[in-house]
Amino acid sequence: MSSVDQNLDVAGRARSIEWLKSEVLDQVSRLFKAMWEGSAARITDSLSGLIASAYILGRRLGVSYRDLDKAVEDKLSRLKQEGHQLEEQYRDLSALEEHIRKR
């Protein structure tokens, strides 16, 4: 690959990462608006877009989907051990950990 091709590839990857960063922010904005409106369908759509964008951004940054899944599992485990409030009150972390494990 020539240096021109490499520069174009680097520039293209950088553009993709910048676009994905803005996509994450857009999905967060859409989520907040959907929460304000109380629209369950729009909340679900925004959350799914946010999660998908985060996974794809991770991949563009060199984190495999498998590694990201493992990191989420590890994070949930650590938060549970630290006595996170959502675990203490609702067992949300355990429920999510179980869901991920069963996929």
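Table for the structure above
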{"item": "Qualifying residues in the range 70-86 (those that are among the charged types (D, E, K, R) and closer than 24 Å to residue 55 by Cα) - the one surrounded by the most Cβ atoms within 10 Å (Cβ to Cβ)", "result": "80"}
{"item": "Filtered residue count, the range 73-101, keeping only those that are among the charged types (D, E, K, R) and not in a helix (DSSP H, G or I)", "result": "2"}
{"item": "Residues of the range 1-36 classified as in a helix (DSSP H, G or I), over 23 Å from the mean Cα position of the chain (by Cα) and not hydrophobic (A, V, I, L, M, F, W, C), total", "result": "5"}
{"item": "Test: residue 61 is in contact (Cβ under 8 Å) with a residue 40 or more places away in the chain and under 16 Å from the mean Cα position of the chain (by Cα)", "result": "yes"}
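A short reminder: the numbers here are calculations on the coordinates, not readings from a lab. As the structure is a prediction and not an experimental result, all values here were calculated from the model. For neighbour counting, all protein chains shown are included, and Cβ atoms are generated from backbone atoms with ideal geometry for every residue, glycine included.
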